Every structure is written in structure tokens, then in C-alpha cells.
Amino acid sequence: MSNDNKKMKLQMIAFGPVPSRRLGRSLGINNIPPKACTYSCVYCQLGLTPKMETRLRPFYDPEKIREAVFEKMESAHQSGESIDYLTFVPDGEPTLDIHLGEEIERLRSLTDKKIAVITNSSLIWHDQVKEYLNKADWVSLKIDSVNEAIWRKINRPHRSLELQTILDGIVEFAKHYRGNLVTETMLVRGLNDNENQIRSLAKWMQRIPANVSYLSIPIRPPAEKQVQPPDEDTLIRAYEIMSAQNHTVEYLIGYEGNAFAFTGYAEKDLLSITAVHPMREEAVSELLNRAETNWSVIDQLIEKGIMVKKTFQGKTFYARKLYAPRDHDILGLRME
Ligand code: SF4
């Protein structure tokens, strides 16, 4: 292979570092070529899965993965870019890779950076997969539905997979995992976003000690063009239902934000917080007081189409308007 080809291949395996709200600056690792997956989700931004598979198998030589990450880390270092996490986030399902455990170990010998894996959870019942994931510092598990029929409609799994086996596997894994465990649920309008669905999900999720339960929505062109994100009311409702079951819930809705950083600039703080969750009226009032300003800030954000006012169970909320104009185009703000 020519040097140029080799370089190109290594670049396809490791990318970034890219800013990630969950992981700071994350160097991505593509340990699966597009698109090997156990699912063919209706919202997948990579399109349909041509041939679903569930057998663990080799994809790349683990040494190539180590080499690709090393090269990316070197060039990030030279350009003064920091890296917080090395993240397995491929164009497919990372746990299909039979070498995942070995790859994590090789990266450990290379650096003390933390290692994250974002998985669709479908193979978590497999002992080998549990063993690999146990080696990571941060694991994100996809749980879109705990209802068999809905799961089949939304994730369109390989015919050999069963939801109950996966859910039991998640509980078993969570019992022993010592790293940072989070979940991610993609809400799709008309599929898994009704109140009953969210209540059963929230109830089931009490069985696992996730540090954060992320709610996401389709924000990129989906595999099936009829897929739509839920509206703002539904997102607020989902947030409230899950929070009421003692989950720490955060949105992943395409805006960067940090609910915990107070800068004193009311607009910036409001946008930052509502990128993560809706705000109750009392919380907005408190923030405006702290920033020594008034409700005209909110009025302007609503007028500009960035924020909406909603009521749920008698309480008033302020939330991000989905598909709002880009914040920094309007306010001259950058939200990273
Ligand atoms: S699990 Fe991920 S990669 Fe696989 S089909 Fe679903 S969204 Fe796409």
C-alpha cells in the first residue's frame, strides 16, 4: 500500500478531536467500517443497514487502530489541541468488533486518556461484549424502547435478537460496571414518544444506575424520510416524566450547552441551560435576577424564534424551539 493510501486509511479510523458536550474534546475511533450493524434504525444517519449481522468478527488489525489513534494524538498535540476522551463511535455497532477489548488495552498502553464506547446495547448479553465494555471508562447504552413491538419498529433489529435478552443483559452489565454509565434514548415522533411509552421506559430504567439519561432527537437526515423529531411539548413531558422517576435527564438536541456554568450573560446562560433541559418559570426568574436583568430577555428570545413558552401539568416552562435559527447567527454568540 502506498504511503498516501496508508495515511488515508488511518485517517478514516481515527478522527477529530471534535467538541462533544458529553465528553469534552473527543478523538473518535471508527473501529467498524460503514456500515456493519445489528440494527437498521429508522433514524440512522448512515442510511439503511445493507446486511445486519450479530456475530462478533474482526474488522481492522488492533495495531492499526493504535497507530491511527497515535498519529491523531500526535497531530492534535502539535497543533495545541487538547483531548479528553478517546471514543469508539463508529459507522456501525462497535461491539461487533471481536478485537474491541484488545484495542482498548492497546490504547491504555499508549495514553492515560479516558476511553468511551457508544453502543446500541444489542449485544450486551454476550459475555465477551460485557468484558470489553468493562474495560472502558465511559459507556453509553442505547435504550429507545422497552416495548418489543416499538423496539422492532424503531431499531429494526437483526431477526435473531430479542429485546428481553438485551434488557436483561443491560441490567447484568450495570450491576458490575464501575465506570461512568449513561443511557441514550432517541425519541421519534409517533413511535416511542407517547406518554405511556416514556413512563414505561422511565420505570424500567430505575433498574440501572445510569449517571445521566440522555434524550436525543433525529437532527440529521434519517434512513427513512418520514422520521420526525417530537415537538417541544413532548420533549418537556419526557423530561418531566423521567426526572420524576429520579433520573438525571439531559437533552441531546443538537445544541451545545452547559446547565451548570453561570456566566452572568442572561441570553447565553438561558440558551446554554435550555440546550440541556427545559427551565421552569421560577428557575428563569432566579437566573434573570442573578444576571440583574428582566423578562425582556425572554420576550426577545421568544420573538426571535429561539425559545418557546409551554405549560405542562399546570407549570410553565421555557424550552428551546426545535429548528430555531442558529443562536450565534442571531445573538453573535458561540455556544461551545
Ligand atoms: S444502531 Fe446506530 S449505526 Fe446501527 S442502525 Fe442504529 S443508528 Fe445506525
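Laid out as a table, the results:
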| item | result |
| --- | --- |
| Residue list for the stretch 37-68, restricted to those being among the small types (G, A, S) and more than 9 Å from the ligand (Cβ to nearest atom) | A68 |
| Counted residues, the stretch 272-327 - those being in a helix (DSSP H, G or I) and hydrophobic (A, V, I, L, M, F, W, C) | 9 |
| Residues that are closer than 20 Å to L191 by Cα and outside any loop (DSSP other than H, G, I, E, B), drawn from the stretch 124-143 | L141, K142 |
| Cross-chain or 6+ apart pairs with Cβ under 6 Å, the stretch 22-41 first and of a type in the set (K, R), then part of a loop (DSSP other than H, G, I, E, B) and within 15 Å of the ligand (Cβ to nearest atom) | K35/L46; K35/T49; K35/D91; K35/G92 |
| Residues that are in contact with a Phe, Trp or Tyr (Cβ under 9 Å, 6 or more places away or on another chain), outside any strand (DSSP E or B) and within 13 Å of the ligand (Cβ to nearest atom), drawn from the stretch 93-123 | E93, P94, T95, L96, N120, S121, S122 |
| Options L191, L201, L215: the member that is crowded, with 17+ Cβ neighbours inside 10 Å, in contact with a helix residue (DSSP H, G or I) (Cβ under 9 Å, 6 or more places away or on another chain), free of Cβ contacts under 8 Å to residues at least 40 places away in the same chain and not acidic (D, E) | L215 |
| Given (1) over 20 Å from Y43 (Cβ atoms); (2) free of Cβ contacts under 8 Å to residues at least 40 places away in the same chain, number of the condition Y177 does not satisfy | (2) |
| Qualifying residues in the stretch 71-84 (those that are in contact (Cβ under 8 Å) with a residue 24 or more places away in the chain and not in a helix (DSSP H, G or I)) - the one surrounded by the fewest Cβ atoms within 10 Å (Cβ to Cβ) | S82 |
| Selection count, the stretch 75-92, where residues are among the acidic types (D, E), at pLDDT below 95 and more than 16 Å from the ligand (Cβ to nearest atom) | 1 |
| Within the stretch 149-173, considering residues that are β-branched (V, I, T) and either within 14 Å of the ligand (Cβ to nearest atom) or more than 22 Å from M242 (Cβ to Cβ) (or both), the one surrounded by the most Cβ atoms within 10 Å (Cβ to Cβ) | I166 |
| Residues (among the charged types (D, E, K, R), within 16 Å of the ligand (Cβ to nearest atom) and within 14 Å of F88 (Cβ to Cβ)) located in the stretch 124-147 | K142 |
| Test: S160 is small (G, A, S) and in contact with a strand residue (DSSP E or B) (Cβ under 9 Å, 6 or more places away or on another chain) | no |
| Lone qualifier among T87, T111 - being surrounded by fewer than 18 Cβ atoms within 10 Å (Cβ to Cβ), polar (S, T, N, Q) and under 27 Å from N258 (Cβ atoms) | T111 |
| Test: V146 is part of a loop (DSSP other than H, G, I, E, B), touching a helix residue (DSSP H, G or I) at 6+ places or on another chain (Cβ under 6 Å), of a type in the set (V, I, T) and crowded, with 17+ Cβ neighbours inside 10 Å | yes |
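So that you can scan it fast, the table gives a plain yes or no per residue for (1) modelled with pLDDT of 95 or more; (2) buried (at least 22 other Cβ atoms within 10 Å of the Cβ); (3) not assigned by TED's automatic domain parsing to the domain that holds V129:
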residue	(1), (2), (3)
F15	no, no, no
R21	no, no, no
R25	no, no, no
Y39	yes, yes, no
L46	no, no, no
K51	no, no, no
R57	yes, no, no
D61	yes, no, no
V69	yes, yes, no
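The values are calculated or read from the model by the stated rules, or taken from the named source; none is laboratory data. Please read all numbers here as calculations on a predicted model, not as lab measurements. A quick note on method: Cβ atoms are made from the backbone with ideal geometry, for glycine too, and the neighbour counts reach across all protein chains shown.
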